[in-house]
Amino acid sequence: MTFEVLFVDNHLLVVCKPAGLLVQADRTGDASLLELCRMHVKQTFNKPGKVFLGLVHRLDRPVSGVVVFARTSKAAARLSAQFRLRQVTKIYWALVEGKVPLEGTLVDRLVRTGVHSRIGTTGTGQLAALHFRRLGYGQEMSWVEVDLGTGRHHQIRVQLAYYGHPVLGDRRYGSTRPFAPGSIALHARSLTITHPTRPDEMTFTAEPGSYWPKQL
């Protein structure tokens, strides 16, 4: 499975992850983006020994889009702090069932149980906030842009489904409409960070796969 390199320098490697590829290896033993990117750096820059590549955030396996890796331990620490302190801007595109409002904000509590998350109905769980706006509507589905305020487990998927608009292809959270095999209609469209060694704000953007509707 291939990935697109969006940016690289001595401190960062930014790529577009294809849907269906793990970010980090798990018990399945399937290939991971992290290992593939390590191989890419090793071959491209003729690096001896084991290549360092710091994982500072993740995307779910069926989700595509922008992923940033740190190429030094200093960059990893500084980027991790940006994510932890919510100093990054994460924009997603989603195709969801039904017609969502033109714009809105969802604030809930999310409770995680193993590989699933749900909305907490008794005030328990972690705060989960996002803002959305509808970019288009047709064929009983909405094209939604999501500005993710927090980065909880399966947050976009759970919140949109809870309010009656599951992401296409996301059977885990109630979608009844299929999408491309191995994927759901959720794409990390852009990521804005501050460069780990310079005061430069940088935005990285990736297009969704060719299997997304052409009208987008």
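Bear in mind that the values in this text are calculations on the coordinates, not laboratory data. Treat the numbers as computed from the prediction; the structure is a model and nothing was measured. So basically every Cβ, Gly included, is an ideal-geometry build from the backbone, and we count neighbours across all protein chains shown.
Quick notes on this one:
- Subset of the range 169-197 [over 18 Å from L21 (Cα atoms) and either touching a Gly at 6+ places or on another chain (Cβ under 7 Å) or touching a residue at least 40 places away in the same chain (Cβ under 8 Å) (or both)]: S175, T176, R177, P178, S190, L191, T192, I193, T194, H195, P196, T197
- Selection status of K42, surrounded by 21 or more Cβ atoms within 10 Å (Cβ to Cβ) and basic (K, R): no
Listed here are the residues, each with its yes/no results for (1) within 18 Å of V167 (Cβ to Cβ); (2) exposed (fewer than 14 other Cβ atoms within 10 Å of the Cβ); (3) in contact (Cβ under 8 Å) with a residue 60 or more places away in the chain; (4) in contact with an Asp or Glu (Cβ under 6 Å, 6 or more places away or on another chain).
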site: V66; (1), (2), (3), (4): yes, no, yes, no
site: F69; (1), (2), (3), (4): no, no, no, no
site: K74; (1), (2), (3), (4): no, yes, yes, no
site: R78; (1), (2), (3), (4): no, no, yes, no
site: Q82; (1), (2), (3), (4): no, no, yes, no
site: L95; (1), (2), (3), (4): yes, no, yes, no
site: T113; (1), (2), (3), (4): no, yes, no, no
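- Yes/no for K99 being on the phi < 0 side of the Ramachandran plot, free of Cβ contacts under 8 Å to residues at least 24 places away in the same chain and touching a Lys or Arg at 6+ places or on another chain (Cβ under 9 Å): no
- Of all residues in the range 186-207, those satisfying the criterion of being over 12 Å from the mean Cα position of the chain (by Cα) and part of a loop (DSSP other than H, G, I, E, B) are H195, P196, T197, R198, P199, D200, E207.
- Candidate set from the range 154-189 (those that are surrounded by fewer than 18 Cβ atoms within 10 Å (Cβ to Cβ) and among the small types (G, A, S)); member that is farthest from E97 (Cα to Cα): G182
This table checks each residue for (1) under 17 Å from W93 (Cα atoms); (2) out of contact with any Phe, Trp or Tyr (no Cβ under 9 Å at 6 or more places or on another chain).
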| position | (1), (2) |
| --- | --- |
| E140 | yes, yes |
| W143 | yes, no |
| V146 | yes, no |
| T150 | yes, yes |
| A161 | yes, no |
| H165 | yes, yes |
| G169 | yes, no |
| R172 | no, yes |
| S175 | yes, yes |
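- Selected residue (criterion: farthest from A31 (Cα to Cα)) from residues of the range 62-100 that are touching a Gly at 6+ places or on another chain (Cβ under 8 Å) and of a type in the set (K, R): R86
- Selected residue [out of contact with any strand residue (DSSP E or B) (no Cβ under 7 Å at 6 or more places or on another chain) and closer than 27 Å to E4 by Cα] from P208, P199: P199
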